[in-house]
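Each reported figure results from applying straightforward, stated rules to the coordinates on display, with no laboratory input. Remember, predicted model here, so these are calculated numbers, not experimental data. Virtual Cβ from ideal backbone geometry, glycine too; neighbours counted across all protein chains shown.
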Amino acid sequence: MVFKPTEIVGVGRSGFPIKKGEREERSFLQMALDAGSRRSSKKALSPVRPNLGFERLYRRKIMCLVDEMAKSVEHWLRADYRKQAPKIAQDASPTKELKKSIDELSERWQDRFDEAAPELAKWFAKGVDKRSYVVLRQILREAGMTVKFKMTPAMRNIFEATVEENVGLIKSIPKQYLTQVETVVMESVTRGRDIGYLTRELLKRYDITYNRAKLIAVDQNNKATSALMAARQTEMGIEEGIWLHSHAGKEPRPTHLANDNKKFSIKDGWFDPDKRVRRRIWPGELINCRCTWRPVVKGFS
Ligand SMILES: [Zn+2]
């Protein structure tokens, strides 16, 4: 590509000329990509991995709500159960009274989660986007490119979808927990169990809920990082990625292992031939998938 001298108003830090009317941030990458079509040299940059600290922070925030709920539910149900204990001992089965308590607790905690979910989900999506973008910017900078943070309609859609999915997941937590709590309480009553048994069983349900919150945080952090990064890189004109299998999981997906180090389209994803999948996916999208990718840029040797 030949520039007329009058068109060139400066030289960027990576040595590429800046044309008149072009912002430096844009021209760096654009000219790098233009240059790439001339020289066919390509470079695979470092992958942007999901931020583990942020995953833990998200889990902790969800668990704040869960702990508050579990404490309240345990407190009230133990009190009610104690009140009904003489009846339970006489096989009178005061299920109606206990059911009423559970319904009240369910309503109260569903409301609390419904209220908190939109804000928490938005905080999460923003956090993932910001953290992954900062890492990408650093990787590009080291390769001599400067880019400007932009929110395009395509990225806005992915952002909104991420928020929505997380709102749904957060809201599903009290329902799942309290359904299990109800089963435990009713079992305790019909089998004439004491309060110690009920307490132990409630604790088991808390553990299940804790594991679920952990899974939501891990899975959503991987998935959102992948989706938002793919959208950002596509927007920047980075078309190709090199699939990286993590080699960290206990049960690697055979199709992902076979796809390690292979090229795929960042815009369209990669067709996973696994018979349970059989669709286009991105690294890190499927549950427990820890794969990532190296963005390939043209024009750098
Ligand atoms: Zn994978």
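I'd like the distance separating the alpha-carbon centroids of the stretch 140-177 and the stretch 57-121, in whole Å.
Using only Cα atoms to place each centre, the spacing works out to 32 Å.
Among the listed pairs Lys61/Lys130; Lys148/Lys223; Lys267/Lys298; Lys99/Lys171; Lys61/Lys83, which have their C-alpha atoms separated by more than 28 angstrom in this model? Spell out each step's value before the answer.
Values: Lys61/Lys130 18 Å; Lys148/Lys223 23 Å; Lys267/Lys298 16 Å; Lys99/Lys171 21 Å; Lys61/Lys83 34 Å.
Too far apart for the 28 Å limit: Lys61/Lys83.
So what's the net charge close to Asp272: Lys and Arg +1, Asp and Glu -1, counting the other residues with Cβ under 11 Å from its Cβ?
Values: positive: Arg253, Lys275, Arg276, Arg278, Arg279, Arg280; negative: Asp274, Glu285.
Net charge in that neighbourhood comes out at +4.
Given 25 °C and 0.890 mPa s, compute D for the stretch 249-297 with the Stokes-Einstein relation, Rh being the Kirkwood radius over Cα pairs; round to the nearest whole µm²/s.
Once the numbers are plugged in, D ends up at 217 µm²/s.
Rank by packing, highest mean first: peptides 170-177, 225-232, 195-202, with packing defined as the count of other Cβ atoms within 10 Å averaged across residues. Don't skip to the answer; put the middle values down first.
Details: 170-177: 18.9, 225-232: 25.2, 195-202: 15.2.
Final packing ranking: 225-232, 170-177, 195-202.
Taking amide H positions as placed 1.01 Å from N in the peptide plane, with prolines and chain starts having none, which residues 5 or more places from Leu244, or on another chain, fall under 5 Å of its amide H?
Those lying under 5 Å, H to H, from Leu244 are Asn261, Thr292, Trp293, Arg294.
Highest mean first, how do 204-211, 55-62 rank when packing is the count of other Cβ atoms within 10 Å averaged over residues? Write down the numbers at each step before the final one.
Working: 204-211: 15.1, 55-62: 18.9.
Descending mean neighbour count gives 55-62, 204-211.
Report the net charge of residues surrounding Ala248, where surrounding means a beta-carbon distance below 12 angstrom and charges are Lys +1, Arg +1, Asp -1, Glu -1. All intermediate terms of the calculation are to be shown ahead of the outcome.
Values: positive: Arg49, Lys250, Arg290; negative: Glu251.
Net local charge, Ala248 excluded: +2.
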